[in-house]
Structures are given as C-alpha cells and as structure tokens.
Amino acid sequence: MTPVSDFLTLEGVSKTYRAAGSEVQAVEQAAFTVPSGQFLSILGPSGCGKSTLLSMIGGLETPSTGEIIIGGEPVKAPRGDMGYVFQDATLLPWFSVLDNVLFPVRLRDGRTEAYRERARELLESVGLWEFRDKRPDQLSGGMRQRVAICRALITDPQILLMDEPFSALDAISRDEMNVALAAIWDRFHKTAIFVTHSIREAVFLSDRILVMSRRPSAICHDVMVPFPRPREAQIESDPDFVRLCGTLRDKIEEGYKG
Ligand SMILES: Nc1ncnc2c1ncn2[C@@H]1O[C@H](COP(=O)(O)OP(=O)(O)O)[C@@H](O)[C@H]1O
Ligand SMILES: [Mg+2]
C-alpha cells in the first residue's frame with residue numbers, strides 16, 4: 001500500500017455572509033484533514049452550509065476565518081488541478097459529448113488531440129463512448145451527469161469536488177449513477193469531496209462521512225465507512241449498511257435539535 005498523507009487540511013474555517021445589514025453564519029469552525037485518495041462525503045440537511053464549505057475548498061469563496069491547505073499550499077483561488085461537478089451538468093448545448101469532455105483542455109491550451117485517448121477511456125468507463133457525437137439534449141439527465149464527471153476528470157485533477165450531482169435525478173437513475181461513480185472512482189481513484197443530503201448515497205460511495213448540523217453549521221460527526229470495494233448495489237440490504245444509515249440519521253436529528 002502507498003502511504004497516505006494529509007492532502008487537504010481545514011483549520012478553524014468559518015464563513016459569515018453579510019448582506020443588506022444581516023449576517024448569516026454559514027459555516028462555523030470547520031477543522032478536518034483528508035488523506036490523499038480518500039472519498040469523503042459531507043452530509044447534512046438543506047441550508048446547513050455544505051455548498052459553502054465545498055466552494056471554499058474549491059477556492060470559489062474565501063473563508064471569513066481560518067485556512068484551507070491543499071498539497072501544502074493555502075487555497076487562495078480556484079486551482080487548475082481540481083475537477084468540479086455541480087447539481088446541474090452545465091454542458092454546452094451546441095457541443096458534442098466528446099467536445100464537452102474535452103472543453104477544459106480547449107480552455108487551458110487547446111491541445112485537445114493529446115487528450116482524446118483519455119476522453120475515450122473516461123467515456124468508455126461510464127458506457128458513453130458510443131454517444132460521443134450526440135449533443136446534450138439527446139441524452140438523459142443521468143447520462144449528462146456522467147459526461148460532467150468525465151469532463152471534471154479529463155485533466156487528471158488531484159481532487160474531485162461534487163456538489164449534490166445526482167439530486168435532480170429520479171431515484172432509479174440516482175442509484176445507477178451511484179454505481180457508475182463508485183466504478184469510476186475505483187478506477188481513477190482521486191481524492192473526492194462529495195456533498196449530499198442523502199444518507200444512503202453517502203454510505204454507498206464513501207470511505208468517510210462528515211455530518212454537518214443545522215446552522216450555525218458545525219461538523220458534528222466524523223465516521224469511517226468500513227465496507228470493502230468494489231461495492232455493488234446489493235450492499236444496501238446488508239444489516240451493517242442499514243445500521244450505519246440509522247446511526248447517521250440519529251446524528252443528523254441530534255444536529256437539528258442543536
Ligand atoms: N452568497 C450568499 N450570500 C448570502 N447568504 C448565503 C450565500 N450562499 C449561501 N448563503 C446562506 O448560507 C447558508 C448555507 O447555504 P449553503 O452553503 O448553500 O447550504 P447547503 O448547500 O447545505 O444547502 C444558507 O442559509 C444560505 O441561505
Ligand atoms: Mg448546497
């Protein structure tokens with residue numbers, strides 16, 4: 001096994017939004033470290049500050065206090081070695097699937113030919129290579145999100161940030177996407193931070209889960225997920241899986257009561 005090192009560190013990170021005379025404390029004193037290669041989920045109810053936390057890790061928002069360090073460097077702005085997947089796939093409608101996947105390369109240096117083989121490998125791994133010439137409006141919602149994941153991975157980023165990427169999908173597509181993401185992660189094995197309000201999704205995908213309580217939003221629980229990989233859908237009926245979901249539900253409810 002390769003030794004794991006602390007890849008991402010948050011020290012006393014808080015965020016207060018100030019607008020029109022009012023203040024919202026969106027994140028309070030978040031402090032944790034993530035080793036390289038870990039799949040970490042941040043789980044909590046809507047409005048508890050998950051997206052804010054992820055945006056700060058991604059360098060899209062600046063913390064009000066504290067510091068975020070990735071690979072030894074303080075985060076001051078969005079990094080080039082980071083892939084982001086949002087709730088909406090945000091594909092370019094006039095580009096083909098393949099050109100959407102290659103878009104970050106086109107923006108960076110235009111050398112898309114050099115990345116065509118990687119694009120093929122990524123699209124094949126999610127079963128979409130044969131759809132490479134289709135446009136986004138010819139795909140289902142789940143397929144579009146798979147394209148968005150391939151696009152996030154095309155430049156071989158160090159870290160993959162995902163903000164509720166499957167929450168707009170129906171339940172069946174969502175289950176399929178969880179299996180697809182688990183498979184792609186097993187293959188490309190990036191440090192991943194995955195934001196969700198679905199307990200089941202977090203347990204299925206993660207090595208570790210942080211539970212965020214209601215505002216002012218602090219991390220109230222930090223749990224390792226012990227199930228071996230590769231994981232298959234049937235794991236969800238395993239009594240240990242069900243028990244862990246129950247424990248997390250209790251922790252979220254405790255967080256609600258504050
Ligand atoms: N840009 C902003 N300006 C002011 N308040 C914001 C902004 N973004 C988020 N908030 C507030 O911060 C809190 C946390 O929001 P968010 O991080 O989006 O939560 P979550 O992703 O868990 O649903 C909410 O009360 C939200 O209204
Ligand atoms: Mg959010």
> Per residue, how much accessible area does region 131-224 show when a 1.4 Å probe rolls over the protein heavy atoms, in square angstrom?
Replying inline: 37 Å²
>> For the chain, give me the percentage of DSSP beta bridges that are antiparallel, rounded to the nearest 5 percent.
In response: 55 percent
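Taking only DSSP H segments of four or more residues, each worth -39500 (n - 2.57), what value at 222 nm results for the chain once the sum is divided by all its residues, to the nearest 500 deg cm²/dmol? Walk me through the numbers on the way to the answer.
Details: 7 runs with 87 residues, N = 258.
Calculated at 222 nm, the ellipticity per residue is -10500 deg cm²/dmol.
Report, to the nearest whole %, how much of the accessible area of the chain belongs to carbon and sulfur atoms, 1.4 Å probe, protein only.
Summing carbon and sulfur atoms, their accessible area is 50 percent of the total for the chain.
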>> Please compute the length gained on full extension between residue 32 and residue 6, using 0.36 nm multiplied by the number of residues separating them and subtracting their Cα-Cα distance.
In response: 8.4 nm
> Tell me, what ³J(HN,Hα) does each residue in region 71-86 have, in order and in whole Hz, if you take phi through Karplus 6.51 cos²θ - 1.76 cosθ + 1.60 with θ = phi - 60° and put x for Gly and Pro?
Replying inline: x, x, 10, x, 7, 10, 7, x, 9, x, 9, 10, x, 10, 10, 9
> Leaving out same-chain residues fewer than 8 places away, which lysines sit with a Cα under 17 Å from that of residue 15?
Replying inline: 50, 76
> Which of 7, 95, 143 sits farthest toward the positive end of the charge dipole of the chain, with +1 on the Cβ of Lys and Arg and -1 on the Cβ of Asp and Glu?
Replying inline: 95
> Which residues' amide hydrogens lie under 5 Å from the amide hydrogen of residue 26, considering only partners 5 or more residues apart or on another chain, with H built in the peptide plane?
Replying inline: 15, 16, 17
>> I want the antiparallel fraction of DSSP beta bridges within region 108-258, as a percent rounded to 5.
In response: 50 percent
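Restrict the search to region 151-229; then list the trypsin sites (Lys or Arg not before Pro) that DSSP places in a loop and that have at most 15 other Cβ atoms within 10 Å of their Cβ. If you can, show how the numbers build up before the last one.
Numbers: sites: 151, 174, 187, 190, 200, 208, 214; in loops: 190, 214.
In loop regions of region 151-229 (DSSP not H, G, I, E or B), there are no sparsely surrounded trypsin sites (Lys or Arg not before Pro).
What do you get for trypsin sites (Lys or Arg not before Pro) in region 1-108 restricted to DSSP loop and a cutoff of at most 10 other Cβ within 10 Å of the site's Cβ?
Here the trypsin sites (Lys or Arg not before Pro) that fit, given the DSSP loop and packing criteria, are 76.
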>> With a cap of 15 neighbouring Cβ atoms within 10 Å, and only residues DSSP puts in a loop, list the GluC sites (Glu not before Pro) found in region 139-234.
In response: 232
>> I'd like the per residue volume of the convex hull spanned by the Cα atoms of the chain, given in cubic angstrom.
In response: 143 Å³
> If you take the C-alpha gyration tensor of region 117-243, multiply each eigenvalue by 5 and take the square root, what semi-axes do you get, largest first, in whole Å?
Replying inline: 26, 16, 15
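The values are calculated or read from the model by the stated rules, or taken from the named source; none is laboratory data. Nothing here was measured: the structure is a model prediction, and the numbers come from that model. So basically every Cβ, Gly included, is an ideal-geometry build from the backbone, and we count neighbours across all protein chains shown. SASA here: full protein model, heavy atoms, side chains in, ligands and nucleic acids out. Shrake-Rupley method; radii C 1.70, N 1.55, O 1.52, S 1.80 Å.
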